[in-house]
Amino acid sequence: MTRNAARPRRRTHELSGYAAGCPRLAMRIAPLLILTACHDGVLDPRGPIGASDGLIMLNALEIMLAIVIPTLVAALFFAWWFRASNTRARYRPHFAYSGRLELIVWAIPILVILFLGGVIWIGSHELDPYKPIETRGQPLEVQVVSLDWKWLFIYPDQGIATVNQLVVPADVPIHFSLTSATVMNAFFVPQLGSMIYAMNGMVSQLWLQANHPGNYFGESTQFSGDGFSGMHFVMRAVPSADFNAWVGTVQRGSGPALDWAEYRHLEKESQHVRPFAYRAVDPSLFRAITTLSLPPGPGPRVERGGAVERSED
Amino acid sequence: MLGKLTWQAIPFDQPIPLVAGSVVFLTVAAIVIWVVAKGHLPYLWREWLTSVDHKRIGVMYMLLALVMLLRGFIDALMMRSQQALAFNAPGYLPPEHYDQIFSAHGTIMIFFAAMPMMIGLMNFVVPLQLGVRDVAFPTLNSTSFWLTATGALLVNISLVVGEFARTGWLPYPPLAELKYTPGVGVDYYIWALQISGVGTLLTGVNFVTTILKIRAPGMSYMRMPVFCWTALAANLLIVAAFPVLTATLAMLALDRYLGFHFFSDTAGGNQMMFVNLIWAWGHPEVYILVLPAFGVFSEVIPTFSGKPIFGYRSMVAATLFICLVSFTVWLHHFFTMGAGGDVNAAFGIATSIIAVGTGVKIYNWMFTMYGGRIRYDTPMLWSVGFIVTFVIGGMTGVMLAVPPADFELHNSLFLVAHFHNVIIGGVLFGGFAGITYWFPKAFGFRLHEGWGKAAFWFNFVGFYATFMPLYVAGLLGMTRRLQSYDVASWHPWVLAAGAGVLILLVGGACQVIQIVVSILRRDELRDETGDPWDGRSLEWSTASPPPAFNYAVLPNVQGEEPYWEIKRRAIETQQLAAEPDYQPIEMPRNSPTGFITAFFATITGFALIWHIWWMVGLGIVAAYIVFVIFAWRDVEEYEIPAAEVAAIDRERRAARAQWLATHARVGEQV
């Protein structure tokens with residue numbers, strides 16, 4: 001344990017070496033789960049974090065299967081062979097203790113867990129969501145705000161924002177800073193890997209990267225109320241040039257600008273909001289939300305057995 | 001006058017809860033009318049509702065558990081059918097209704113089905129296995145049961161009066177705060193659990209005391225059956241963990257009722273404090289449920305293998321190990337909070353360490369079967385089904401304990417499949433094994449084997465058909481609690497799970513039919529010996545059903561398997577032990593204290609939910625008066641004369657003598 005901690009930290013980008021093997025990941029697990037046609041989800045990762053998460057998941061599964069399969073076979077064999085009707089099985093009514101067996105019985109799980117403990121220790125540190133993905137270029141900064149019931153994505157360096165739609169350059173690490181202006185949510189793009197909570201009054205961080213252009217399904221994975229089912233979005237990874245072009249289009253476009261007043265309108269409850277973009281965003285907005293200078297969303301107006309009067313403006 | 005309660009609270013505009021509620025109400029009313037008309041009420045009141053007999057209370061717990069299991073299963077059917085229909089469509093349940101259903105499903109299944117099932121088994125079995133007459137505090141025991149029933153009642157009232165929580169089975173703030181959930185749903189949740197939680201805590205106190213202080217002569221700790229050990233561990237966990245739940249819900253109640261800011265989204269509240277606290281109770285809770293189930297298997301497998309449990313001391317050590325470590329793992333329920341590598345790794349490793357204790361148990365059950373002569377009666381089928389299912393569920397659990405894997409699987413249907421895998425495969429299979437195993441002890445006749453086996457196979461296959469597809473859906477990124485979705489690749493797996501739950505429905509129907517058929521044909525299923533399974537522990541040495549005092553003379557325990565020794569001696573010597581010198585027996589008097597206290601607790605809870613403050617005061621004062629009256633009682637016990645004890649026990653001895661004669665003829669034992 002101390003050796004791991006003392007060792008100079010391995011950089012996460014080395015882990016992206018695993019990513020090359022990511023199509024294999026799906027193929028390796030396929031026979032186990034009879035998954036023949038899976039084209040999304042965590043078994044078909046499209047970025048280094050997802051690939052490494054998936055690999056560790058698979059490693060843990062393989063380590064355990066090495067012991068679980070023989071155990072299940074032995075259990076079923078004993079249950080079958082020692083059935084009362086089998087006259088060939090030897091009845092040993094007093095066999096209730098064996099020091100040697102006891103040793104094995106304790107040793108097998110302990111050894112497995114020792115091994116797995118190492119995987120857990122290294123995995124937790126290497127794949128800590130806060131750990132930056134190394135890059136020669138600049139990572140893309142994205143500020144994420146979960147609202148009732150939609151996602152607001154702020155691009156502070158570009159000065160734009162989007163709702164329920166995330167456009168990013170492929171092959172560039174993305175640094176997410178996440179908060180919630182309402183109840184708790186969790187930000188998750190299954191094909192890119194790790195999820196993390198978006199919590200009110202707090203900022204969590206997450207590093208992800210898409211290796212290939214494509215459209216990736218994203219969702220909230222922490223139940224947040226009646227509109228929860230509609231809290232999904234598309235994460236579109238595009239070549240860098242296309243990303244810059246898209247930013248330019250949004251900036252010059254006719255979309256609304258997101259200032260404090262507009263934000264107060266946005267944070268009211270709404271469901272299944274169609275994706276749209278803001279051509280400009282107040283640079284102080286995210287900080288104001290996290291410090292509660294801009295108060296959290298107002299919540300619902302009425303429920304059965306509890307009329308809460310709030311005027312709608 | 002009536003607080004927030006108005007006619008608007010009744011969902012006249014929603015046919016589903018209204019019809020469901022009416023059907024339930026009419027059924028209950030019909031039963032009550034039938035009972036009164038037939039003149040059964042005095043009997044019911046005298047022998048059951050006011051009973052402080054641990055066996056009767058155990059049976060009532062089981063009845064409550066089975067009824068609530070049915071209610072929770074109906075919720076499950078609605079959830080599976082909604083998701084099957086809600087691909088690119090709204091389905092038939094709007095979010096505000098669907099959210100209540102999954103919240104109620106979880107709450108009911110954990111608190112009012114699984115908990116009463118395990119506590120019911122402990123109630124019935126533990127004093128019998130310890131060779132004693134009752135638990136330490138019989139009237140308290142009755143009160144515990146009725147307070148649990150109060151909680152179940154309040155949750156079910158919410159079906160037609162107001163609404164239930166829409167926040168999930170654990171009401172995470174700030175969603176559960178007044179601001180985001182102004183309805184009474186969360187209040188129903190809080191007060192149902194606060195009241196039943198007091199009952200559960202009292203059960204814990206009662207059983208820890210019983211097991212530590214009240215055992216038959218010679219029943220040292222290392223001679224207690226494994227079930228008693230697991231009951232001790234589970235009740236120690238109750239005593240340590242339930243106050244945490246009570247305190248957490250009290251803080252949430254202060255937030256909602258008095259505008260405190262423990263967990264609010266403003267004024268310094270911290271939502272993650274709630275999440276930490278609730279799981280500091282929540283993770284021990286799963287071991288409170290599963291440890292007694294482990295105990296059931298540790299009784300069933302030796303009995304039907306015809307040999308003692310393998311590695312008794314290891315079993316005890318593993319039980320206590322799990323009991324202790326279960327308090328150090330709660331953070332694995334929210335690795336995705338972003339606590340950092342050190343914290344996540346520590347809790348991940350602690351979590352996988354629990355698997356050591358469970359692994360040891362699995363191997364010991366295997367080696368108990370090894371060298372045995374296994375009879376496949378229904379309880380044994382459930383046990384083998386459990387070993388297979390629980391190993392798989394444990395494995396997916398350890399996968400979730402690996403933080404990077406959890407970062408992708410947290411809150412997904414993979415997680416849902418995992419905890420159903422261990423709770424159905426562990427707790428429910430254990431409950432069903434225990435019910436079939438001890439049913440003849442409680443009622444004097446066996447459950448029908450054919451229907452029991454059919455129930456096992458349908459439930460076993462139905463479980464895999466329902467939850468294996470959910471594992472896959474989870475790996476495809478499908479999160480839990482979705483009222484509708486539009487991802488095409490999830491749809492076939494959701495449909496498969498929907499088909500699977502229909503197999504479970506057939507399994508459940510088989511169990512209902514099994515009980516009905518067994519009651520109708522009880523005379524041919526009758527067990528006269530008191531020992532239908534060739535049992536090994538003390539409960540099989542007394543009559544079925546046992547007399548109120550359990551044992552005419554307290555047994556003198558001389559080994560780990562006292563009854564097995566007695567039986568062997570009887571067969572070897574071809575005679576029963578000499579007739580003991582019968583003495584009069586003092587037993588606790590029945591008391592309506594529990595029932596009446598719970599009646600006022602129900603009123604208090606309902607009034608708190610609807611802010612009817614005068615009624616709150618009335619309920620609390622009345623409940624306190626009931627307690628004071630009980631405390632001032634003059635006579636607390638009644639005496640069963642020696643002659644009556646002798647008459648009852650001689651009947652048992654006659655049955656045993658007859659049994660011994662048949663065994664002399666067969667002469668194949670040992």
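The values are calculated or read from the model by the stated rules, or taken from the named source; none is laboratory data. Predicted model, so just to flag it, every value in this text is computed and none were measured. Positions of Cβ are generated from backbone atoms using ideal geometry, with glycine treated the same way; all protein chains shown enter the neighbour counts.
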Self-check item: Candidates B:THR466, B:THR436, B:THR479, filtered to the one that is polar (S, T, N, Q) and within 19 Å of the chain's Cα centre (by Cα)
Solution: B:THR436
Quiz item: Somewhere in the stretch B:643-665, is a residue away from chain A (no Cβ under 14 Å), modelled with pLDDT of 90 or more, part of a helix (DSSP H, G or I) and touching a strand residue (DSSP E or B) at 6+ places or on another chain (Cβ under 8 Å)?
Solution: yes
Practice problem: Go through the stretch B:458-484 and give me each residue that's more than 25 Å from B:GLY508 (Cα to Cα) and surrounded by fewer than 21 Cβ atoms within 10 Å (Cβ to Cβ). | Solution: B:SER484
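Kindly indicate whether B:VAL402 is within 14 Å of chain A (Cβ to nearest Cβ), closer than 25 Å to B:GLU285 by Cβ and touching a Ser or Thr at 6+ places or on another chain (Cβ under 9 Å).
Values: within 14 Å of chain A (Cβ to nearest Cβ): yes; closer than 25 Å to B:GLU285 by Cβ: yes; touching a Ser or Thr at 6+ places or on another chain (Cβ under 9 Å): yes.
In short, yes.
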Quiz item: Looking at (1) over 17 Å from A:ILE108 (Cα atoms); (2) at the interface with chain A (Cβ under 7 Å from one of its Cβ atoms); (3) in contact with a Phe, Trp or Tyr (Cβ under 8 Å, 6 or more places away or on another chain); (4) part of a helix (DSSP H, G or I), which is the only condition B:MET366 fails?
Solution: (1)
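Condition check: of a type in the set (D, E, K, R), touching a residue at least 24 places away in the same chain (Cβ under 8 Å) and touching a strand residue (DSSP E or B) at 6+ places or on another chain (Cβ under 6 Å). Does A:ASP53 satisfy that? Talk me through it step by step, then tell me what you get.
Numbers: of a type in the set (D, E, K, R): yes; touching a residue at least 24 places away in the same chain (Cβ under 8 Å): yes; touching a strand residue (DSSP E or B) at 6+ places or on another chain (Cβ under 6 Å): yes.
Criteria met by A:ASP53.
May I ask you to say which residue of A:TRP246, A:TRP207 is assigned to a strand (DSSP E or B), in the same structural domain as A:TRP149 (by TED's automatic domain parsing) and surrounded by 15 or more Cβ atoms within 10 Å (Cβ to Cβ)?
Going through A:TRP246, A:TRP207 in turn, the sole match is A:TRP207.
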Self-check item: Test for B:ASN421: is it under 29 Å from B:ILE101 (Cβ atoms) and either more than 8 Å from chain A (Cβ to nearest Cβ) or of a type outside the set (S, T, N, Q) (or both)
Solution: yes
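Taking the condition closer than 27 Å to B:TYR471 by Cα and modelled with pLDDT under 95, does B:VAL384 pass? Please lay out each step first, then the result.
Values: closer than 27 Å to B:TYR471 by Cα: yes; modelled with pLDDT under 95: no.
So B:VAL384 fails the test.
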Self-check item: Given (1) closer than 24 Å to B:ILE288 by Cα; (2) crowded, with 24+ Cβ neighbours inside 10 Å; (3) among the basic types (Lys, Arg), number of the condition B:LYS213 does not satisfy
Solution: (2)
Quiz item: If we keep just the residues of the stretch A:159-181 that are among the polar types (S, T, N, Q) and under 19 Å from A:PRO275 (Cβ atoms), which is surrounded by the fewest Cβ atoms within 10 Å (Cβ to Cβ)?
Solution: A:GLN165
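Among the listed residues B:TYR287, B:TYR312, identify the single one that is aromatic (Phe, Trp, Tyr), within 14 Å of chain A (Cβ to nearest Cβ) and at negative phi.
Going through B:TYR287, B:TYR312 in turn, the sole match is B:TYR312.
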Quiz item: Within the set of pairs 6+ apart or on separate chains, which have a first residue in the stretch A:110-137 that is more than 27 Å from A:LEU65 (Cβ to Cβ) and facing another protein chain (nearest Cβ under 7 Å), a second that is part of a helix (DSSP H, G or I) and at pLDDT 90 or above, and C-beta atoms under 7 Å apart?
Solution: A:PRO129/B:PHE407
Practice problem: Name the single residue, out of those in the stretch A:64-93 being more than 7 Å from every other protein chain (Cβ to nearest Cβ) and in a loop (DSSP other than H, G, I, E, B), that is nearest to B:ALA317 (Cα to Cα). | Solution: A:ALA89
Quiz prompt | Residue in the stretch B:598-621 that is modelled with pLDDT of 90 or more and not in a helix (DSSP H, G or I) present | solution = yes
Quiz item: From the set of residues in the stretch B:358-408 that are among the small types (Gly, Ala, Ser) and under 19 Å from B:PRO302 (Cα atoms), which is surrounded by the most Cβ atoms within 10 Å (Cβ to Cβ)?
Solution: B:SER383
Quiz item: Among the residues of the stretch A:195-214, which ones are within 12 Å of chain B (Cβ to nearest Cβ) and either of a type in the set (S, T, N, Q) or closer than 23 Å to A:GLY41 by Cβ (or both)?
Solution: A:MET195, A:ILE196, A:TYR197, A:ALA198, A:ASN200, A:SER204, A:GLN205, A:LEU206, A:TRP207, A:LEU208
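Within the group B:GLY199, B:GLY185, B:GLY218, which residue is out of contact with any strand residue (DSSP E or B) (no Cβ under 7 Å at 6 or more places or on another chain), among the small types (Gly, Ala, Ser) and surrounded by fewer than 23 Cβ atoms within 10 Å (Cβ to Cβ)? Reasoning before the result, please.
Values: B:GLY199 fails: surrounded by fewer than 23 Cβ atoms within 10 Å (Cβ to Cβ); B:GLY185 fails: surrounded by fewer than 23 Cβ atoms within 10 Å (Cβ to Cβ).
Only one candidate qualifies: B:GLY218.
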Quiz item: Just one of B:THR148, B:THR167 is touching a Gly at 6+ places or on another chain (Cβ under 6 Å) and surrounded by 24 or more Cβ atoms within 10 Å (Cβ to Cβ); which is it?
Solution: B:THR148
